[in-house]
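> The structure under discussion is supplied below as structure tokens; questions concerning it will follow.
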Amino acid sequence: MLSHKHLLGLENFPREDIQNIIDTAFNFREVLDRPIKKVPSLQGVTVVNLFFENSTRTRISFELAQKRLSADTVNFSASTSSLKKGEGFKDTAQNIEAMKIDAVVMRHPTPGAPKHLTEFIDAKVINAGDGAHEHPTQAILDMMSLQEKFGEIKNLNVAIVGDIDHSRVARSNIYGLVTMGANVTLCGPPNLIPDTITDLGVTVNYNIDEVVEWADAINVLRIQRERMGIGLIPSEREYRKLFGITEERIGRKEKEIVIMHPGPINRGVEIDSRVADSDQAIILDQVLNGVASRMSILYLLLGAKDGDMK
Ligand code: CP
């Protein structure tokens, strides 16, 4: 059980709830290692995946999580819906709920859209990424991956490198990691890091080599051209030179550093292939933990009763 009805973001989300989601996700990771990767936990529960924006990982991951929990799932894609015929957001939402569903997983380009949806429907809502605002399930799977690698998140030195300003992954990771007691440093082009970001309890260092030296783990972000409007970096080559996670840069560090990336990756820009494919990278572990984390979130919001899975 969680203390919130919905999962809309990690801002002001309790530490106990984050830890409960991560601990339960480790239980579901064991299910994913079984020959039959399925439990009956959400039998009879119906979840609609409402995606108004492209997705590979999040969408597949949620759908797999729902199937592994034996929930009934329906996929909605804005490009093939009656939205194309002029139907509004409220009517679409209310029509979907009239079909007796229990939860909606929503990705939308507009910040706050999942919260807006909660005003029209009674079903539980999970934010699968809303514009540049939040991507809470990505941050949960990132934190689960850190806990798996290091044992605990508290006091870890975690750097987030790249286009912070346009990144919902960065924002949710900042809220979550600070709540869990990690030390967070942001690095990237100064025009892509908001001035007020230090109010969230993080530090900023524009020197990537110092940041690599300091960090236990680096979460590497791509340049989000779709949200930038105009080009805010001079060139991809210049970006790689100044902020790219290259083999040479990582190789200078004595202690091994853990490399993370939420995907999609732009190889040769924010991260070199040799780093992304190295043993230091846990990028594919993050993807697997994403299924377990989403199983945990769905289960705790929709199926868990006091005393279950304890
Ligand atoms: N990490 C992530 O959100 O990827 P997708 O956009 O492919 O879902």
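The values are calculated or read from the model by the stated rules, or taken from the named source; none is laboratory data. Since the structure is predicted, the reported quantities are computational estimates derived from the model, not experimental observations. Cβ: placed from backbone, ideal geometry, glycine included. Neighbour counts: every protein chain shown. Each accessible area value is taken on the protein alone, full model and side chains, heavy atoms only, with ligands, DNA and RNA left out. Shrake-Rupley method; radii C 1.70, N 1.55, O 1.52, S 1.80 Å.
> Among the candidates ILE223, ILE233, ILE265, ILE297, which residue alone is among the aliphatic types (A, V, I, L, M) and modelled with pLDDT of 95 or more? Let's see the steps before the verdict.
Details: ILE223 fails: modelled with pLDDT of 95 or more; ILE233 fails: modelled with pLDDT of 95 or more; ILE265 fails: modelled with pLDDT of 95 or more.
Going through ILE223, ILE233, ILE265, ILE297 in turn, the sole match is ILE297.
> Right, next: Quick check on my filter: what residues within segment 195-215 are touching a Lys or Arg at 6+ places or on another chain (Cβ under 8 Å) and not β-branched (Val, Ile, Thr)? Even if it seems obvious, please write down each step before you answer.
Narrowing segment 195-215 to residues touching a Lys or Arg at 6+ places or on another chain (Cβ under 8 Å): 208-209, 212-213.
Of everything in segment 195-215, those that are touching a Lys or Arg at 6+ places or on another chain (Cβ under 8 Å) and not β-branched (Val, Ile, Thr) turn out to be ASP209, GLU213.
> Looking at segment 43-59, I want the residues that are under 22 Å from ASN289 (Cβ atoms) and have a partner that is of a type in the set (Lys, Arg) and open to solvent by 50 Å² or more (accessible area, probe 1.4 Å) with Cβ atoms under 7 Å, at least 6 apart or on another chain. Which pairs are those?
These pairs meet every condition: ASN49/ARG59; PHE51/ARG59.
> Which condition number in (1) assigned by TED's automatic domain parsing to the domain that holds SER293; (2) away from the ligand (no atom under 16 Å from the Cβ) is the one that ALA182 fails?
(1) is the only condition that ALA182 fails.
> Oh, and also: May I ask you to verify whether GLU97 is within 16 Å of the ligand (Cβ to nearest atom), crowded, with 16+ Cβ neighbours inside 10 Å and assigned to a helix (DSSP H, G or I)?
When the stated conditions are applied, GLU97 does not pass them.
> Now for a separate question. How about segment 108-135: which of its residues are part of a strand (DSSP E or B) and within 16 Å of the ligand (Cβ to nearest atom)? Before the answer, list the steps.
So in segment 108-135, the residues part of a strand (DSSP E or B) come out as 108, 124-130, 134.
Passing the criteria: HIS108, ILE126, ASN127, ALA128, GLY129, ASP130, GLU134.
> Now for a different question. Is there a residue in segment 37-49 that is within 16 Å of the ligand (Cβ to nearest atom) and assigned to a helix (DSSP H, G or I)? Step through it out loud before you land on a result.
Applying the first criterion (within 16 Å of the ligand (Cβ to nearest atom)) to segment 37-49 yields 49.
With the extra rule that they be assigned to a helix (DSSP H, G or I), the set shrinks to none.
Within segment 37-49, none of the residues are within 16 Å of the ligand (Cβ to nearest atom) and assigned to a helix (DSSP H, G or I).
> Now for a separate question. Can you name every residue in segment 177-226 that is under 12 Å from VAL158 (Cα atoms), open to solvent by 10 Å² or more (accessible area, probe 1.4 Å), assigned to a helix (DSSP H, G or I) and not acidic (Asp, Glu)?
Passing the criteria: VAL178, TRP214.
> Suppose the filter is part of a loop (DSSP other than H, G, I, E, B) and either β-branched (Val, Ile, Thr) or out of contact with any Gly (no Cβ under 6 Å at 6 or more places or on another chain) (or both); does ILE140 pass it? It would help to see each step written out before you state the result.
Details: part of a loop (DSSP other than H, G, I, E, B): no; either β-branched (Val, Ile, Thr) or out of contact with any Gly (no Cβ under 6 Å at 6 or more places or on another chain) (or both): yes.
Taking the combined requirement at face value, the residue does not satisfy it.
> Would you confirm whether or not segment 256-272 contains a residue that is more than 16 Å from the ligand (Cβ to nearest atom), open to solvent by 60 Å² or more (accessible area, probe 1.4 Å) and in a helix (DSSP H, G or I)?
no
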